[in-house]
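Chemist: Pasting in a structure now, in C-alpha cells, and then I'll have a few things to ask.
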Amino acid sequence: MSAQSTDIHLRKLRMGMVGGGEGAFIGAVHRKGALMDEQIELVCGAFDEVPERGRAFYSKVFIDPERAYGTYREMAEKEAALPADRRIDFVSIVTPNHMHFPVAETFLEAGFHVICEKPMTTSLELARQMRGIVERAGKVFVLTHNYTGYPMAKQARALVQEGKIGEIKKVIVEYPQDWLLTRLELQGQRQALWRTDPKQSGPAGCLGDIGSHCANLVHYITGLEIDELCADVTTFAAGRLVDDDVNVLIHYSNGARGILHASQISAGEENNLKIRVYGDKSSLYWSQEHPNYLYLYAPGAPVQIYRRGHDYLSPMARLAARIPPGHPEAYIESFGNIYLAAAASIRAAESGVEPAERLDHPGVEDGVRGLAFIETVLESGRTRQWTPFKEF
C-alpha cells in the first residue's frame, strides 16, 4: 500500500490547522486528540496571527517547513493547488472566536471539510450564514463540543432514548470555574486576554466559553429544545468587558424546567461541569471531574452505577472507550472521539459509502442552536424578562 494512496479508506486523513501555535492551549489538545487513534496526520498549518511566528512553529510539530503558512488564506490557496494525494482533507480551526467564520468560509469554499472550535461564530446571523455555506459546499462540518465525546455522556443519552428516565421533568446543569476570579487578563495571560475581549470572543464571555457547553450537553443527552428562558448575566470583575457569571431558568418545549449555571469566578472550582436529568421514572447524574461513572437513581431502589468500558453499555458508549474498565479516560480522549467520528464522516462523504458507526458528533446545526442560546440569554439578561428562544 502506497503511503500516498488516494483511496481514503487505505490511508490516514491529512489535517491542517489554523491557530494553535506557541502559547495556545486548545490547539495542543486538538492535536493530541486528533492523532491518538492513528487515523489522522498533521501535515500543515497557519498557526499564528503573526506570520513569522506561525511559520516558525513547524519545528514544534515536525511538519514540512514549506507547509507552515503565514496566513490561513495562503494556506487554503496553496493546499487547494496541491495534487490530490498531497493536499489536506480537512482543516481544524482553533483560533479565537472571531476568526471561526472567515476561516471556515475560506476553507469550505476551497473544497475542504472543516472541524471548528465552539462557539461556531460570534453572532446568530453569522451562524445562519455558515449553515448556508456548509450546505452549498456539501462538506462535512464538525463542531468540537467535546463533552459529547465522553463515554458516559453517550450512555446517558442512550438511557434517555431507551425510556429509562421516562418523561423528563427537570434538568440541572452547572459549570463553575474560578480561573477568572481576578483580572487575569491584565497580567497578559493569553487565554484570558482574548476570552475577555469582545472583539475576539464576541459579545459573550463565560456564557460563550462554557455556558454554551452546558446548553449543548443538555440537548445532546435529552434532545430537549428550549422554548423560553430568563437569564441573569453578570460581570463581577470590575472593568471586565464581558460576562463572567451566568444563571438561567429555562422552559423546554415539552414542559420540562431547567436550571443552567455557568461561572468563571467561583472560588475553588476547577472544571466542575455536572448534569442532572430528572424524569418521571428515574434520574441521571454525571460529573465531568469524575467522568467514568454515570449514576441512575430510581424511587425506592438502590443506586445504579454505570462504569466506563463495560460490555453492558450502549454501542456508542462502548465505541468511545479505548482501554479496559478501571483505567481512567477523560478530556483528551473526548476530543479523540470527536475526531474519530469526524474521520468516519469525511471518509463516508468522500467515498459515498455509508459508515457503519462513529457518526456521533456535533455539527453545524448545533453551532446555530448554540448562537441562538447565547443571543437569547444576552437579550434576557439585558431586559430581565422571560424571552422566547430565538429562531435558528
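Chemist: How high is the relative contact order of the chain, in percent, counting Cα pairs under 8 Å that sit 6 or more residues apart?
Modeler: 19 percent.
Chemist: Further question: Give the aspartates and glutamates whose C-alpha is closer than 17 Å to that of LYS281, dropping any in the same chain fewer than 8 places away, or say none.
Modeler: GLU162, GLU167
Chemist: Helix-only estimate, please: 222 nm mean residue ellipticity of the chain, summing -39500 (n - 2.57) across DSSP H runs of length 4 or more and dividing by its residues, to the nearest 500. Write down the numbers at each step before the final one.
Modeler: Numbers: 13 runs with 132 residues, N = 392.
Calculated at 222 nm, the ellipticity per residue is -10000 deg cm²/dmol.
Chemist: Right, here's the next one. Quick check: the distance between the Cα centres of region 214-238 and region 117-169, to the nearest angstrom?
Modeler: So the two Cα centres are separated by 14 Å.
Chemist: While we're on this one: Please say if region 289-357 is rounded, prolate or oblate, where rounded means a/c under 1.5 for a ≥ b ≥ c the square roots of the C-alpha gyration tensor eigenvalues, and otherwise the choice is prolate for a/b larger than b/c and oblate otherwise? It would help to have the intermediate numbers written out before the result.
Modeler: Values: a/c = 3.00, a/b = 2.04, b/c = 1.48.
Cα axes put region 289-357 in the prolate bin.
Chemist: Which value, in debye to the nearest 20, describes the size of the charge dipole of the chain about its Cα centre when Lys and Arg Cβ atoms bear +1, Asp and Glu Cβ atoms bear -1, and nothing else is charged?
Modeler: 440
Chemist: Exposure proxy check: TRP194, TRP286 ranked by fewest other beta carbons within 10 Å?
Modeler: TRP194, TRP286
Chemist: Counting only residues 5 or more places away or on other chains, whose amide H sits under 5 Å from the amide H of LYS169 once H atoms are built in the peptide plane?
Modeler: Distant-sequence amide H within range of LYS169: TYR278, GLY279, ASP280.
Chemist: Can I ask one more? Once R0 is set to 30 Å, what does the formula 1/(1 + (r/R0)^6) return for the Cβ-Cβ distance between ARG318 and LYS170, expressed as a FRET efficiency to the nearest 0.05?
Modeler: That gives a FRET efficiency of 0.55.
Chemist: Of the labelled options (i) 18.3; (ii) 23.3; (iii) 19.7, which one gives mean projected area of the Cα convex hull in nm² as computed for this structure?
Modeler: (iii)
Chemist: Let me ask something else. At a Cα cut-off below 30 Å, give the lysines reachable from LYS32, other chains included and same-chain residues fewer than 8 away excluded.
Modeler: The qualifying lysines are LYS12, LYS60, LYS78, LYS118, LYS139, LYS154, LYS199, LYS274.
Chemist: Give, as a single signed number, the net charge of other residues whose beta carbon lies under 13 Å from the beta carbon of GLU333, with Lys and Arg counted +1 and Asp and Glu -1.
Modeler: +2
Chemist: Relative contact order of region 13-147: what whole-number percent is it, with Cα pairs under 8 angstrom and at least 6 residues apart?
Modeler: Working: 242 pairs, mean separation 28.9, N = 135.
Reported relative contact order: 21 percent.
Chemist: Also: Only Cα pairs within less than 10 Å get springs; with that Gaussian network setup on the chain, which residue of ASN216, ASN146, ASN271 has the largest fluctuation?
Modeler: Most flexible of the set in this elastic network: ASN271.
Chemist: Further question: Using amide H atoms built 1.01 Å from N in the peptide plane, name the residues 5+ places from LEU13, or on other chains, whose amide H lies under 5 Å from its own.
Modeler: ILE40, GLU41
Chemist: Show me the ranking of peptides 40-50, 274-284, 296-306 by mean Cβ neighbours inside 10 Å, starting with the highest.
Modeler: 40-50, 274-284, 296-306
Chemist: Please rank MET152, MET316, fewest neighbouring Cβ atoms within 10 Å first, as an exposure proxy.
Modeler: Lowest count first: MET316, MET152.
Chemist: Neighbouring Cβ atoms within 10 Å as the yardstick, rank ASP197, ASP311, ASP243, ASP7 fewest first.
Modeler: In increasing order of surrounding Cβ atoms, one gets ASP311, ASP7, ASP197, ASP243.
Chemist: If you place +1 on the Cβ of every Lys and Arg and -1 on the Cβ of every Asp and Glu, how big does the dipole about the Cα centre of region 13-147 come out, in debye to the nearest 20?
Modeler: 160
Chemist: Are there any helices in the chain, counted as whole DSSP H runs, that stretch 30 Å or more along their axis by Cα and score at least 0.0 on average by Kyte-Doolittle, and if so which? Before the final figure, lay out the partial values.
Modeler: Values: long enough: 331-351 (31 Å, 0.50).
For the chain, where a helix must reach 30 Å along its axis and average at least 0.0, the hits are 331-351.
Chemist: Starting at the first residue of region 273-288, write each ³J(HN,Hα) from the Karplus equation 6.51 cos²θ - 1.76 cosθ + 1.60 with θ = phi - 60°, in whole Hz, x for Gly and Pro.
Modeler: Going residue by residue, I get 5, 9, 9, 10, 10, 10, x, 7, 10, 7, 9, 10, 9, 9, 10, 5 Hz, with x marking Gly and Pro.
Chemist: At what distance in angstrom do the alpha carbon centres of region 8-77 and region 318-378 lie from each other?
Modeler: About 20 Å separates the Cα centre of region 8-77 from the one of region 318-378.
Chemist: What are the ³J(HN,Hα) couplings of region 177-189, residue after residue, when phi is run through the Karplus curve with 6.51, -1.76, 1.60 and θ = phi - 60°? Round to Hz, x for glycine and proline.
Modeler: Once rounded to whole Hz, the list reads 9, 10, 5, 10, 4, 10, 6, 4, 5, 6, 8, x, 5.
Chemist: Springs between alpha-carbon atoms under 10 Å, Gaussian network over the chain: tell me which of ASN292, ASN337, ASN254 tops the mean-square fluctuations.
Modeler: ASN254
Chemist: Can you tell which of GLU379, GLU228, GLU74 shows the greatest fluctuation in a Gaussian network model of the chain with Cα springs below 10 Å?
Modeler: Judging by the Gaussian network model, the answer is GLU74.
Chemist: Among the aspartates and glutamates, which fall within straight-line cross-link reach of LYS170, defined as a Cα-Cα distance under 16 Å, with same-chain neighbours fewer than 8 residues apart omitted?
Modeler: The reachable aspartates and glutamates, counting only those whose Cα sits under 16 Å from LYS170, are GLU225, ASP227, GLU228, ASP280.
Chemist: Follow-up question, since we're still on this one. Go through region 306-351 and name the trypsin sites (Lys or Arg not before Pro) that are in a DSSP coil and have 14 or fewer other Cβ atoms within 10 Å of their Cβ.
Modeler: Hits after loop and neighbour filter: nothing returned.
Chemist: Taking 0.36 nm per residue of separation and subtracting the Cα-Cα distance, what length does fully extending TRP386 through GLN129 add?
Modeler: Stretched out fully, the TRP386 to GLN129 stretch lengthens by 89.8 nm.
Chemist: Among THR234, PRO203, GLN187, flag the residue with its Cα farthest along the positive direction of the charge dipole of region 148-244, charges on Cβ as +1 for Lys/Arg and -1 for Asp/Glu.
Modeler: Of THR234, PRO203, GLN187, it is GLN187.
Every number in this text was worked out from the coordinates using simple rules, so none of it is lab data. A quick note: this is a predicted structure, and the numbers were derived from the prediction, not measured. Don't worry about glycine lacking a Cβ; one is built from the backbone with ideal geometry, like all the others, and counts go over all protein chains shown.
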